[in-house]
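The structure appears right after this line, and notes come after that.
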Amino acid sequence: MLWPCRVHRGMISPLASSNRAGRLAYNTSAAGRISTLMSIWWSMRSSLTVGALALLMLAGCYSLWAQATAPANHGSQLGLTTAGVPTFKSDVELVLVEVGVHDERGRAIGDLKREDFHVSENGAEQQICVFSHEELPLAVALVIDNSSSIAAALQELRAGALDTLALLKPADQVAIFSFGEKPEMVEGLTSDHEALSVDLWALSPYGGTAINDGLYEAALYLGHTARDRRRAVILVSDNEPSDEQTRDNSQVVRAAQQSGTPIYSIKVGNLGHSRSFFLTHPEARLHDVEKICRQTGGEMIDTRNGVSVTKAMETIITWLKQGYTLGYSPTNKLQDGTYRAIQVRVTPPGVARGRKYALFARDGYYAPTSP
């Protein structure tokens, strides 16, 4: 899948369609480039010689011909196979794992050292060769439920998301995805808080709840555009999926694990779920999002018991900023595409520097395959 581009304050940033009026689209079509060349010709005809104009038009036409005859290979640019399964170019020589450690009250524990951690892969102990507790720039994808089922909570959702922007540093970036019956990238990664605010207030509830599709697209996007940042997807939803979604749980988990992107959930809405949901879905489906969070190294915060969306957002941002990055060179060097289970633990078990803790890290990854 390709993300189109838009021009914003002199920069081109990835963006899918949006409802915001006045957006400028960067025209990448052949017709658009021909039109541009003709405009240049008319504006410069009085000062350019015929020979110079001929060279300009010849160069432009050759460029268009070369692009038209070149084989299309969009999938390989983004690491997509023909089956639509995400493949990220990873080096089997180094596996990076983002780790969060929280105490009993949910506060980040930020004073652990390299020697406090142990990592194993498929049960085999691994040597930690990379350790970082630096506050890396963030790349956060807000995935916002824009379905009709949470219309009543949309006001709080907007306010909480806007308050979150104040917690970010200038180097941090946020993207906005929304979903109803299908996902849409409203804004690509940007540190422009004004643009993000406009996007949030422009959301208008409609249709179904394709949660998995929104999570999948966001994880895939961050994996390809923010590799040098600490990434995270934050879902704001009532977590009631509908039948419109095309991605299952395993596809979402795989996309997030492969890109090293934990998924967090802020659950909003009423304590009681809609009756229509139980008429068409088993109760177990209500726990799908929580399972996805756990498998990818994230966590779910339920705001229906009195926690505000703003407080939940603040907690997650703090977790991200005080997280740990561990890296190891796996003892299994085979590039066979198999799943490798990762287990991270702190010594002694159950206690981190004298405090009880909960540890969050992705469950594993898929090894690359030989070219």
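The values are calculated or read from the model by the stated rules, or taken from the named source; none is laboratory data. Worth saying up front: this structure is predicted, and the values here are computed from it rather than measured. A quick note on method: Cβ atoms are made from the backbone with ideal geometry, for glycine too, and the neighbour counts reach across all protein chains shown.
Key figures
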{"read-out": "Residue within the stretch 268-282 that is at pLDDT 80 or above, surrounded by 16 or more Cβ atoms within 10 Å (Cβ to Cβ) and closer than 15 Å to Leu142 by Cβ present", "value": "yes"}
{"read-out": "Criterion: assigned to a strand (DSSP E or B), β-branched (Val, Ile, Thr) and more than 22 Å from Ile128 (Cβ to Cβ) - qualifying residue of Ile301, Ile317", "value": "Ile301"}
{"read-out": "Residue selected from the stretch 196-235 under the condition within 18 Å of Ile316 (Cβ to Cβ) and charged (D, E, K, R), by the criterion surrounded by the fewest Cβ atoms within 10 Å (Cβ to Cβ)", "value": "Arg229"}
{"read-out": "Residue count for the stretch 200-230, restricted to those that are out of contact with any helix residue (DSSP H, G or I) (no Cβ under 7 Å at 6 or more places or on another chain) and either in a helix (DSSP H, G or I) or β-branched (Val, Ile, Thr) (or both)", "value": "7"}
{"read-out": "Selection from the stretch 289-312 of residues that are surrounded by fewer than 16 Cβ atoms within 10 Å (Cβ to Cβ), β-branched (Val, Ile, Thr) and under 25 Å from Gln245 (Cα atoms)", "value": "none"}
{"read-out": "Filtered residue count, the stretch 174-199, keeping only those that are touching a residue at least 40 places away in the same chain (Cβ under 8 Å) and part of a helix (DSSP H, G or I)", "value": "3"}
{"read-out": "Any hit, the stretch 191-210, residues being assigned by TED's automatic domain parsing to the domain that holds Ile266 and under 9 Å from the mean Cα position of the chain (by Cα)", "value": "no"}
{"read-out": "Any hit, the stretch 322-345, residues being surrounded by 13 or more Cβ atoms within 10 Å (Cβ to Cβ) and under 22 Å from Ser237 (Cα atoms)", "value": "no"}
{"read-out": "Selected residue (criterion: modelled with the highest pLDDT) from residues of the stretch 166-205 that are aromatic (Phe, Trp, Tyr) and farther than 18 Å from Gly223 by Cα", "value": "Phe179"}
{"read-out": "Residue match in the stretch 143-156 (condition: over 17 Å from the mean Cα position of the chain (by Cα), surrounded by fewer than 18 Cβ atoms within 10 Å (Cβ to Cβ) and hydrophobic (A, V, I, L, M, F, W, C))", "value": "yes"}
